[in-house]
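One structure is given below, encoded as structure tokens.
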Amino acid sequence: MLERINTPQDLKQLNKEEKNQLAEEIRRYIIETVSKNGGHLASNLGVVELTIALHSIYNVPQDKIIWDVGHQTYTHKILTGRKEEFKKIRTKEGIAGFPKTCEAEEDCFNTGHSSTSISVALGMAKARDIENKKSSVVAIIGDGALTGGMALEALNDAGNSKTKITVILNDNEMSISRNVGGVNRLLSRLRTKKLYTKSNISIKKVISKIPLIGKTIVKLIQRTKRSIKQLIIPKMYFEDIGFTYLGPVDGHNIEQLENILKDSQKLQGPVLIHVITKKGKGYKPAEENPDKFHATGSFDIETGKSQKEKPKDYSKVFGDKLVELAQKNNKIVAITAAMKDGTGLSKFSTTFPNRFFDVGIAEQHALGFGAGLAKSGMIPVIPIYSSFYQRAYDQAIHDICLQNLHVIMCVDRAGLVGADGETHHGVFDLSFFKTIPNIVILAPKNFEELEKMLEFAVEIQKPVVIRYPRGGEGKIKFDKCQKIELGKSEIIQEGNDLSIIGIGNTIESCVELAKELEKENINVEVINTRFLKPFDKETILKSINKTKKVITMEDNTTVGGLATEVKELIAENNLNDIEIKSYGIDDKFMGYATWEDIFEDIKNKETKKEKVLN
């Protein structure tokens with residue numbers, strides 16, 4: 001079947017049995033490809049039938065399908081003309097693992113973070129109405145994403161708007177970790193509606209057959225139908241806010257999905273279709289461990305085991321050290337935004353269950369909640385991926401730093417993260433945190449320095465940001481790790497010809513470059529700044545005045561980061577005779593680029609004396 005499908009129009013020609021066969025072939029194709037390239041597996045296996053049904057009923061690109069988060073679009077890409085390109089998904093020359101409008105017109109919106117799809121869909125639907133068009137607009141959102149405040153804001157507005165829009169709630173009881181909270185409990189109640197519906201139909205058939213009084217009893221029951229629903233599905237949340245609620249429906253039954261999608265097209269106003277799916281469907285290892293197979297590297301299909309042994313990484317070092325510190329200090333608490341495993345908090349959650357809090361996909365709430373804990377004497381530690389911290393910027397300013405509260409904000413996945421692309425690169429955090437008063441910003445060069453920075457952060461009574469990269473240490477083993485002192489940098493090696501100033505993950509590249517330049521008889525001074533704020537102006541200024549030539553390196557945008565700090569220092573001191581080159585992320589969004597790719601030019605092109613010093 002898969003060989004016959006090149007466009008959604010080809011799909012529409014298939015019968016029920018052929019579509020079911022196609023679903024299995026697509027599932028195998030996804031498993032085979034992800035086992036080689038890595039990627040998001042469990043979520044994609046869960047929406048194969050749903051995607052086939054969507055493209056059987058709707059006509060893209062005229063109709064708009066907006067995928068929340070976007071990492072579950074593998075079947076969508078296969079069905080919309082990218083079947084062969086899918087073999088190279090998430091590779092340097094291949095297609096993206098997320099929707100990309102520049103890649104295909106069927107991808108109508110770029111999505112990488114959760115909880116955005118309903119807002120976007122409502123905007124597209126309103127634009128359609130203004131232009132008197134007749135196209136459909138569909139948002140697919142997971143149950144985990146409903147804990148995001150933006151999704152709830154959009155539901156509220158969409159329900160009130162009476163605009164024709166379809167929201168498909170893909171309910172698999174998971175986000176990345178298993179879902180938590182009130183919304184999850186609400187959906188658990190809604191799942192019982194199927195039981196209610198079956199019971200209602202059966203009872204109605206039996207009672208209707210009672211001679212003389214049967215139909216009268218049925219009418220009496222119908223009068224109380226709403227109150228019975230309220231007992232089984234308390235408050236009927238979605239209908240109460242203005243949506244017509246359809247479902248739940250089996251998300252792996254293509255025929256049922258197509259029927260309910262057709263029914264939804266006949267309705268006016270906003271419609272929510274509740275679809276029950278199984279994350280990892282059709283691949284036993286992913287079904288049994290959906291969190292492990294949410295995002296995976298290459299693996300053996302037969303066993304589900306990783307092809308590469310996972311090395312020790314920054315997230316694990318952070319998690320282990322936090323447990324050690326928490327054993328000595330009962331004020332330490334940990335907060336995660338649905339990323340317990342990904343941020344290294346699994347051990348903490350089992351060791352200190354009363355001091356661990358999973359707030360769901362709700363980064364803003366995580367920081368506000370942490371502020372409340374800090375104001376009450378606790379020491380909250382909040383590890384969140386760099387690109388997700390962007391969502392909580394207001395809370396960092398208003399709730400934490402304005403009141404100078406002792407909250408430790410750990411920025412995981414800082415810098416470049418490779419195959420996930422521009423929506424997940426953490427290359428802005430140094431810049432946006434640096435502008436906030438009262439904050440302390442650190443970045444470690446290796447595991448040992450991360451541990452020492454955590455010890456320091458627990459003791460200092462201020463808002464602290466510690467940012468560290470995805471993965472593990474590099475090849476260079478540093479022979480010393482000086483004590484962490486507020487605002488003090490570390491001189492890795494002294495020199496007279498050139499100052500190389502780096503921060504965090506870039507220090508290894510600084511040392512490698514220094515070694516290359518030393519072959520050209522260039523005597524290099526290497527400085528690990530450690531702190532972006534407060535910045536060690538004294539040490540940096542002394543080095544710059546000595547060498548008169550400077551290179552800065554950072555895995556952050558050079559706008560507002562380390563490069564800007566050094567250039568401002570030079571300008572403030574009227575040092576007109578200083579030559580400076582800055583390496584980092586230019587003022588642009590990066591694609592699928594690894595750290596090694598970005599700094600290849602440094603290692604290969606900037607080793608000659610005339611190129612560096614002239």
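Key figures for this structure:
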quantity	calculated
Unique residue being without any contact (Cβ under 8 Å) to a residue 40 or more places away in the chain and within 24 Å of Ser431 (Cα to Cα) when the list is Phe456, Phe478	Phe456
Of the criteria (1) open to solvent by 10 Å² or more (accessible area, probe 1.4 Å); (2) under 21 Å from Ile301 (Cβ atoms), which one Gln9 fails	(2)
Filtered residues of the stretch 371-380 (kept if without any contact (Cβ under 8 Å) to a residue 12 or more places away in the chain and in a helix (DSSP H, G or I))	Gly372
Residue match in the stretch 96-111 (condition: under 19 Å from Lys279 (Cα atoms) and in contact with a helix residue (DSSP H, G or I) (Cβ under 7 Å, 6 or more places away or on another chain))	yes
Exclusive hit being over 20 Å from Leu322 (Cα atoms) and either open to solvent by less than 10 Å² (accessible area, probe 1.4 Å) or touching a Cys at 6+ places or on another chain (Cβ under 9 Å) (or both), set Leu430, Leu450	Leu430
Single condition Thr423 does not satisfy, out of (1) open to solvent by 20 Å² or more (accessible area, probe 1.4 Å); (2) at pLDDT 95 or above; (3) not in a helix (DSSP H, G or I)	(2)
Any hit, the stretch 311-332, residues being more than 17 Å from Leu454 (Cβ to Cβ), surrounded by fewer than 23 Cβ atoms within 10 Å (Cβ to Cβ), in contact (Cβ under 8 Å) with a residue 60 or more places away in the chain and not hydroxyl-bearing (Ser, Thr, Tyr)	yes
Subset tally (residues that are free of Cβ contacts under 8 Å to residues at least 24 places away in the same chain and open to solvent by 70 Å² or more (accessible area, probe 1.4 Å)) for the stretch 277-291	2
Residue that is within 26 Å of Asn172 (Cα to Cα) and modelled with pLDDT under 95, where the choices are Gly81, Gly38, Gly94	Gly38
Residue selected from the stretch 533-562 under the condition touching an Asp or Glu at 6+ places or on another chain (Cβ under 6 Å) and of a type in the set (A, V, I, L, M), by the criterion modelled with the highest pLDDT	Leu562
Members of the stretch 69-112 found to be assigned to a loop (DSSP other than H, G, I, E, B), of a type in the set (Ser, Thr, Tyr) and touching a residue at least 24 places away in the same chain (Cβ under 8 Å), listed by number	Thr73, Thr80, Thr91, Thr111
Filter result for Lys308 (without any contact (Cβ under 8 Å) to a residue 60 or more places away in the chain, closer than 30 Å to Leu454 by Cβ and surrounded by 14 or more Cβ atoms within 10 Å (Cβ to Cβ))	no
Test: Gly472 is at pLDDT below 95, open to solvent by less than 10 Å² (accessible area, probe 1.4 Å), out of contact with any Cys (no Cβ under 7 Å at 6 or more places or on another chain) and more than 28 Å from Asn330 (Cβ to Cβ)	no
Unmet criterion (only one of (1) surrounded by fewer than 22 Cβ atoms within 10 Å (Cβ to Cβ); (2) of a type outside the set (D, E, K, R); (3) modelled with pLDDT under 95) for Phe456	(3)
Residues being hydroxyl-bearing (Ser, Thr, Tyr) and in a helix (DSSP H, G or I) - total across the stretch 44-68	2
Residue among Glu490, Glu485 that alone is open to solvent by 20 Å² or more (accessible area, probe 1.4 Å), within 20 Å of Leu562 (Cβ to Cβ) and more than 32 Å from the chain's Cα centre (by Cα)	Glu485
Ala295 of a type in the set (A, V, I, L, M, F, W, C) and within 25 Å of Glu25 (Cβ to Cβ)	yes
Within the stretch 341-370, considering residues that are in contact with a strand residue (DSSP E or B) (Cβ under 8 Å, 6 or more places away or on another chain) and assigned to a helix (DSSP H, G or I), the one most open to solvent (accessible area, probe 1.4 Å)	Phe369
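The values are calculated or read from the model by the stated rules, or taken from the named source; none is laboratory data. All of these numbers come straight from a predicted model, not from anything done at the bench. All Cβ positions, even for glycine, are placed from backbone atoms using ideal geometry, and neighbour counts span all protein chains on display. Just so you know, the surface numbers come from the protein's heavy atoms only, side chains and all, with ligands and any DNA or RNA stripped out. Shrake-Rupley method; radii C 1.70, N 1.55, O 1.52, S 1.80 Å.
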